[in-house]
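Novice: Quick one: the structure is below, and I'll ask about it shortly.
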Amino acid sequence: MGSFNWLWLLPFLPLAGSVCAATMHFGTLRARKEGNTGTRLSSIAGLIACGVMAAALALSLYAFIQLAGNREVTALESSSWAWIDAGSFSVELSMVVDRLSSVMLLVITGVGFLIHIYSIGYMKGDPGYAKFFAYLNLFVFAMLMLVLSSSLLGMFVGWEGVGLCSYLLIGFWHEKGWPAEAGQKAFVFNRVGDACFLLGSFLLIAIFDTLDLSDIANSVQANIGANSRLMALAALLLFGGACGKSAQFPLFTWLPDAMAGPTPVSALIHAATMVTAGVYLLLRLNPLYAAAPTVLFIIGCVGALTALIGASTALMQRDIKKVLAYSTVSQLGYMFLGIATGAWSAALFHLVTHAFFKGLLFLGSGSVIHGMRDEQDMYKMGGLRRHMPRTYITFLAGAAALSGIPLTSGFFSKDEILAHTFLHGGLYWPLWIVGIFSAILTAFYTWRMVALTFFGDERFDANKIRPHESPATMTLPLSILAVLALAGGLLNLPALHIPGEQALRDWISPVTAAGDAILYAGAQAHHPSLWLELVLLALGSAIALVFAHKGFHGFKNGWQHDDAMRSKRPELVGFLEHAWMVDSTYAAKIVAPLRLASYVIATLVDQMLIDGMVNGAGRLAMKSGSKLRSVVDGSVMSYALWMGAGASILTVVWTCF
Amino acid sequence: MTAYPILTAATFLPLVGAALILLIRSDRAARWMALTTTLATLALSIPLYLGFDKTSSALQFVESAEWIPSWGIAYSLGVDGISLPFIFLAAVLSVLCIGASWAAVRTRVREFYAALLVAETAMIGLFAASNLFLFYMFWELMIVPLFLLIGVWGGPGRIYAAVKFLLFTLSGSVLMLVGMIALYQSLGTLDFKALADAPSSLSPEQQAWLFAAFLAAFAVKVPMFPVHTWLPDAHTEAPTAGSVILAGILLKMGAYGFLRVSLPVLPDGAQLFLKPMLVISAVAIVYGAYVTLVQKDVKRLIAFSSISHMGFVTLGIFTLNRSGVEGAILQMINHGIISAALFLCVGMIYERTHTRQIQDYGGVAKVAPIYSTLLALFCLAAAGFPGLNSFVGEFLIVGGAFQTSGWLGAMAIWGVVLGTTYLVWLFYRMVMGETHPGLAGLRLELNAREVATLAPLALLALCLGLYPECVLSYLRAPVAELLAGVPR
């Protein structure tokens, strides 16, 4: 332990890249002031950022190989750095790669690298090109800090850092107005979650006297009984933090708004990596959650509800990115449902496959938007498969995986979560039904989106917009992700009682062993029997195929279906279009009272009451002063008189006490 | 320890500079004279940090001379780990104040810089004083230049603000004077160390009364809720340099008083007041944040945020545990850096736009990227963003508060959330979005002098955030000794 100091390079290479790109950005600004374009500096910034990502990917692979090559070693750790040391708080930071974080590392640097390449094409010609890469690299730095930190507080540094980068990137085109507002909303929502995170952390300090993640995970078992309730509370509070970052009910409404950012940002931050940080947090602390079944059930309810809200809202969206955003909310809900059933590896599995297929879908939608000259309204698209064949084919792969078409990655990962929910039984039954229902909706809205975008008549003015295929820098990452989205299921095939193990589950078993030990307390974990598993897989396939077919056929000739719904059930459609009215409830029930309270305190209490008393005292003094003026008449005699009187009064007071 | 009386030199060099400035005729020369003096003072103070023994809680660089022998009052200076960082902060901020006023002050230039230098003497002297009498002298001396800075070089409402400031602080310090006399009467000394070593001769009841007397002075300076209303007016009307000194140092004097006088000399009194102090502090955090949310004037907004942030400081001090107190002292330094930086930022843009109303701004990022980047950094620091300085202080304070009561910690965290909200909102309204038409044609971007003025504070914010040890290491020994003397 402590000898793997090169691990520090992982976060700090992207940071260095970010600083370089930022310098280039200010350089281009200066060049532009002098009349040059500054494009050369900008493109160097892009190359540096991509190069740094390639290096980070290589390091991640190296770390993975180190772990895979020697199964005895469960974690690589760098030497630590004493950050804070005061009183009973001492926080030491080191970088740790264990089995769980190695998977996250590969996703972040792998998908991140592809998205960096894609951005070279997507952001070409943007005046803030270098700035974009500076932010993107900064994000990767923060995300790697989040994943690699040995301490919860170090994780919090990354946690806040990704939030900041998300804010900066959502508001990247802040001159337009609404992106800035969306960024602000994301920041504040995240901060509400972060407050829960901090409260939970302080509670953990109180229980375990440390914030070291592996120490906490290892000492949960010993604290069951004496500290069960406190641990459950801490687990719940940390889940509150996860709700903010991972857009779970009721803190999910910032994510759809976050689509105001450039599309590569949506793919990287708001689909593949940052929003899964909450899932990672819970996985990291799995023993804590295993010890709190009630909290797990709450997580399950929140996850299932979020899955349903997201999927049902995605049904009625016109904006292609909004469909994907609500879909992301919904899929994150599935991950939390997986955690709630104690299916740690299933949650991680879905996290990974989701990073592939949702990253792909976002990048695909970006390619469409790019080709359509910034048009995002699907009602104004149609028939694009002829114009953008590569985007079309790869998008189909992503859609297949998202809707759970058999044998694609999403099919296996979603099915595993639902199977575990089914097996858990009892109170989890209703959650399973909600999960199945959301899967139906998912298949429907996914293929509605495909149909509206790529099929049917061209509903745009072909004279003004000439859709074109995107450059290779964009289509190459799409192709790679498409392969991953289709074949990603190989990572963790269902057991099915045939030889061939669940690779991912076995891979992270050292990390989840403590949680499993508490969860099953000696008993065997639930394993589906062969026929049950086959039935569930068949059910999943049937749902996906039937409703994908329905969604596709309903919309392959245009959006008339939506109009029919609108005229038939206007309230329901309005309810769905506005994401179950959660935002307007916030405005009415939280924002308005908060503003009112602020105004009341600021004007009534502070200005009128407190400062009023101050000014009143001042006026009183002035008045009494003018009365007293007759006393202060300038004659020495009267001063002497008053002095004498005062002195005698003081003497009397002095002697009495 | 050193060849020359280094503390005396650092304290009175600015006063000498002030006297020289008044002798000079030209404004230009006065500026350079002031800059040279503050830089020299900063340079003079460097041996203090280099030669300081962090492992000792005793006063160091002690100087002592007889002053008023008949009353047993000596002229005695000395620093420990608590006061040393403040001397550094005062010396740095004084330099930056000169930088910030370089072009902004056009009237009575010589007098302005003289007043600034007198204020520097008062600031450094206060933190170097090792007896209560000298402490009181510098405490009162501080009021004079600040009163002038606000009243002469301030904005339109300067007279009201200056008088309000004067009356508030004077009525507080009168009670301190009474307390000081009473202490001298019963203990026969005013030396901090001697006072702290002999508290047992005061009954708890006497201590409580004395605590209340000192509280009046200290609470006004912090300022604690509800005696805070002088602060927004003073800040809003003061010239930039005045705001910087107010926020950077003057507010810290009260909290420093608690650490130097109230806790060590009157531990039983402090014991009695503990709960109310904790509650008032937590209220100040949340109350200040709510009021800040709706401010329309940038300077007022930052002023109110100071009330909230100083609530963290007093909360930490009265948790009476190591992380709370060390966090509070660290946070005093942090707040000195950040609020000074924010006032500098506001002042710099005010010089160009002549408006402090938030609604008159918008889209500054597009025309002034460097300015916006620095402002973003300081806003983040103020919001307690990890990696920047405030986070560490607030974390330790809230951690200390949790050891006292979970509710206090929860209130403080709620204050952090509100703090983020008003800062992000401020940034959104001023910097993001479409550029406000009223700003068209103005050259908002910072010049080299202004960047140089802000850069040290940005570096300090980053440095203390990543390596808080550079302050915490000074605090360990003296805080341990301080807390050993206070029953819990």
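Novice: Please give the residues of the range B:145-180, grouped as numeric ranges, whose backbone N is less than 20 Å from a label point set 7 Å along the Cα-to-Cβ vector of residue A:613.
Specialist: So the set is B:164-176.
Novice: Relative to the longest principal Cα axis of chain B, at what angle does helix B:267-293 sit, 0 to 90 degrees, rounded to 10?
Specialist: 10 degrees
Novice: Are there any residues in the range B:415-447 with a reduction of at least 50 Å² in accessible surface when going from the isolated chain to the assembly of protein chains? Probe 1.4 Å, please list them by number.
Specialist: Buried-area filter returns B:417, B:420, B:424, B:428, B:432, B:433.
Novice: Then there's this: Which three extents, in angstrom, do the Cα atoms of the range B:346-393 have along their principal axes, listed largest first?
Specialist: 35, 19, 17
Novice: Now a separate question. Please compute the contact order of chain B in relative form: average sequence separation of alpha-carbon pairs under 8 Å and at least six residues apart, divided by the residue count, as a percent. Don't skip to the answer; put the middle values down first.
Specialist: On the way: 834 pairs, mean separation 75.2, N = 488.
Relative contact order for chain B comes out at 15 percent.
Novice: Quick one: net charge of residue B:110's neighbours, Cβ under 14 Å, K/R +1, D/E -1?
Specialist: Combined, the nearby Lys, Arg, Asp and Glu give +3.
Novice: Follow-up question, since we're still on this one. Roughly speaking, what is the centre-to-centre gap between the range A:425-470 and the range A:32-110 when only Cα atoms are used, to the nearest Å?
Specialist: Rounded to whole Å, the Cα centres lie 35 Å apart.
Novice: Stretch residue B:178-residue B:357 to full length: gain in nm at 0.36 nm per residue minus the Cα-Cα span?
Specialist: The residue B:178-residue B:357 span can extend by a further 60.2 nm.
Novice: Could you tell me the total accessible area buried at the A-B interface, probe 1.4 Å, in square angstrom to the nearest hundred?
Specialist: Roughly 4600 Å² of accessible surface disappears when A and B pair.
Novice: Give, ordered by residue number, each residue of the range A:81-102 whose 1.4 Å probe accessible area is reduced by a minimum of 50 Å² on adding the remaining protein chains to the chain alone.
Specialist: For the range A:81-102, once contacts with the other chains are taken into account, A:83, A:84, A:85, A:86, A:87, A:89 lose 50 Å² or more.
Novice: Shifting gears a bit: Given R₀ = 25 Å, what would the calculated FRET efficiency be for residue A:503 paired with residue A:534, taking r from the Cβ atoms and rounding to 0.05?
Specialist: 0.75
Novice: For a Förster distance of 45 Å, can you work out the FRET efficiency between the beta-carbons of residue B:407 and residue A:572, rounded to the nearest 0.05?
Specialist: 0.55
Novice: Compute the convex hull volume of the Cα atoms of chain A, divide it by the residue count, and report the result per residue in Å³ as a whole number.
Specialist: Each residue corresponds to 249 Å³ of Cα convex hull volume.
Novice: Quick one: length gained pulling residue A:43 to residue A:542 fully straight, 0.36 nm per residue minus the C-alpha distance?
Specialist: Between residue A:43 and residue A:542, full extension yields an extra 174.8 nm.
Novice: Distance between Cα centroids, the range B:1-45 to the range A:311-377: provide it in whole Å.
Specialist: Using only Cα atoms to place each centre, the spacing works out to 64 Å.
Novice: Quickly work out the residue A:599-to-residue A:620 label distance, labels modelled 7 Å from Cα along the C-beta direction, and quote it in nm with one decimal.
Specialist: Those two pseudo-labels are separated by 3.1 nm.
Novice: What percentages, rounded to whole numbers, describe P(r) for the range B:389-488 computed over all alpha carbon pairs with 5 Å bin width beginning at zero?
Specialist: Taking all Cα pairs of the range B:389-488, the binned fractions are 2, 9, 10, 13, 17, 16, 11, 8, 6, 4, 2, 1, 0 percent.
Novice: Given bins 20 angstrom wide, list per bin the percent of all Cα-Cα distances in the protein assembly as shown, short to long.
Specialist: The distribution over the protein assembly as shown is 12, 39, 32, 14, 3, 0, given as percents.
Novice: Please list the three semi-axes, largest first and in whole Å, of the ellipsoid equivalent to chain B, using sqrt of 5 times the eigenvalues of its alpha carbon gyration tensor. If you can, show how the numbers build up before the last one.
Specialist: On the way: eigenvalues 232, 143, 80 Å².
Three semi-axes, in Å: 34, 27, 20.
Novice: If you don't mind, there's one more thing I want to ask. For the pair residue B:140 and residue B:451, how long in nm is the line joining their label points, each one 7 Å along Cα→Cβ?
Specialist: Modelled inter-label distance: 4.7 nm.
Novice: A further question on this structure: Rg to Rh ratio, the range A:429-523, alpha-carbon atoms and Kirkwood radius?
Specialist: Radius of gyration relative to Kirkwood radius: 1.16.
Novice: How much accessible area per residue does chain B have, in Å², with a 1.4 Å probe?
Specialist: Per residue, chain B has an accessible area of 32 Å².
Novice: First compute the accessible area of the protein assembly as shown with a 1.4 Å probe, then give the percent of it belonging to carbon and sulfur atoms.
Specialist: The value for the protein assembly as shown is 68 percent carbon and sulfur by accessible area.
Novice: Where the centre of each part is set by its Cα atoms, how far does the range B:195-242 sit from the range A:138-194, in angstrom?
Specialist: Cα centroid to Cα centroid, the span is 39 Å.
Novice: Based on the inverse mean of 1/r over its pairs of different Cα atoms, what is the Kirkwood hydrodynamic radius of the range B:241-334, in Å?
Specialist: About 13.8 Å for the range B:241-334.
Novice: I would also like to ask the following. Take the Cα atoms of the range B:283-488, build their convex hull, and give its volume per residue in Å³.
Specialist: 101 Å³
Novice: Next up: How much area per residue is accessible in chain A when the probe is 1.4 Å and only protein heavy atoms are counted (Å²)?
Specialist: Ligands and nucleic acids excluded, the result is 39 Å² per residue.
Novice: Can you give the angle from 0 to 90° between the axis of helix B:109-128 and the longest principal axis of chain B, with both taken from C-alpha atoms, to the nearest 10?
Specialist: It works out to around 40 degrees.
Novice: Still on this model: Quick one: go through the range B:110-124 and flag any residue whose amide nitrogen is under 20 Å from the point 7 Å out along the Cα-to-Cβ line of residue B:12.
Specialist: Counting only backbone N, you get B:114-124.
Novice: To continue, here is another question. Order these peptides, B:87-96, B:385-394, B:16-25, B:157-166, by their mean beta-carbon neighbour count within 10 angstrom, highest first. Walk me through the intermediate numbers first.
Specialist: Numbers: B:87-96: 23.9, B:385-394: 26.0, B:16-25: 16.5, B:157-166: 19.6.
Highest-to-lowest ranking by the protection proxy: B:385-394, B:87-96, B:157-166, B:16-25.
The values are calculated or read from the model by the stated rules, or taken from the named source; none is laboratory data. Just so you know, these numbers come straight off a predicted model, no measurement behind them. No Cβ is skipped: glycine too gets one built from the backbone with ideal geometry, and neighbour counts run over all protein chains shown. Each accessible area value is taken on the protein alone, full model and side chains, heavy atoms only, with ligands, DNA and RNA left out. Shrake-Rupley method; radii C 1.70, N 1.55, O 1.52, S 1.80 Å.
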